[in-house]
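Colleague: Below are the structure tokens for one structure; questions will follow.
Every read-out reported here was derived from the displayed coordinates using simple, explicitly stated rules and does not represent laboratory data. Keep in mind that what you see is a predicted model, and the values were worked out from it rather than measured. Note that each Cβ is placed from the backbone with ideal geometry, even for glycine, and that neighbours are counted across all protein chains shown.
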Amino acid sequence: MPRFLTVRTVPPLTEEQMITSSKRSMAIGEEIGVKWIKSYHSAKDGKLYCEWEAPSVEAIFEHAKRMNSAVESVSIISDEFDPSMFK
């Protein structure tokens with residue numbers, strides 16, 4: 001299944017807000033076939049970077065719509081690599 005990277009601008013989040021939002025995100029994802037892989041949060045920049053597995057970019061936007069959380073960009077992940085591959 002294709003993987004995607006999304007970028008969102010988010011307000012400062014409490015731990016409780018992150019937990020509640022994450023649980024809601026996973027529940028919505030299960031309903032529409034979108035799987036959350038992992039996220040990176042930059043509190044300083046107010047950005048949330050998330051990796052997803054989904055059947056299409058449209059499914060990513062549907063998930064965002066149901067979460068009421070605008071997505072600034074969606075990129076399909078073509079390749080994955082890390083430093084261990086180049087030793």
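Colleague: Using +1 at the C-beta of Lys and Arg and -1 at the C-beta of Asp and Glu, which of W52, V34, L13 has the Cα lying farthest in the positive direction of the dipole of the chain?
Modeller: L13
Colleague: Relative contact order of segment 1-79: what whole-number percent is it, with Cα pairs under 8 angstrom and at least 6 residues apart?
Modeller: Once divided by the residue count of segment 1-79, the mean separation gives 47 percent.
Colleague: Using 0.36 nm per residue of separation minus the Cα-Cα distance, give me the extension gain between I32 and Q17 in nm, one decimal.
Modeller: Extending this stretch completely gives an extra 3.2 nm.
Colleague: At 7 Å along Cα-to-Cβ for each site, give me the label-to-label distance between K44 and S73 in nm.
Modeller: Placing both labels 7 Å along Cα→Cβ, they lie 1.9 nm apart.
Colleague: Starting from the Kirkwood radius over alpha-carbon pairs of the chain, derive D by Stokes-Einstein at 20 °C in a medium of 1.002 mPa s and give it in µm² s⁻¹.
Modeller: For the chosen part, D equals 157 µm²/s.
Colleague: Right, something else. Around G33, under 12 Å between beta carbons, what's the net of Lys plus Arg minus Asp minus Glu among the other residues?
Modeller: Around G33, the surrounding residues sum to -4.
Colleague: Counting helices only, and only those DSSP H runs with n ≥ 4, report the 222 nm mean residue ellipticity of the chain as the sum of -39,500 (n - 2.57) divided by its residues, in deg cm²/dmol to the nearest 500.
Modeller: Result for the chain: -11000 deg cm²/dmol, rounded to the nearest 500.
Colleague: Here is a further query. Can you work out the Karplus-derived ³J(HN,Hα) for every residue in segment 58-66? Use 6.51 cos²θ - 1.76 cosθ + 1.60 with θ = phi - 60°, whole Hz, and x for glycine or proline.
Modeller: Karplus-based 3J(HN,Hα) across segment 58-66 equals 4, 5, 4, 5, 5, 4, 4, 4, 5 Hz.
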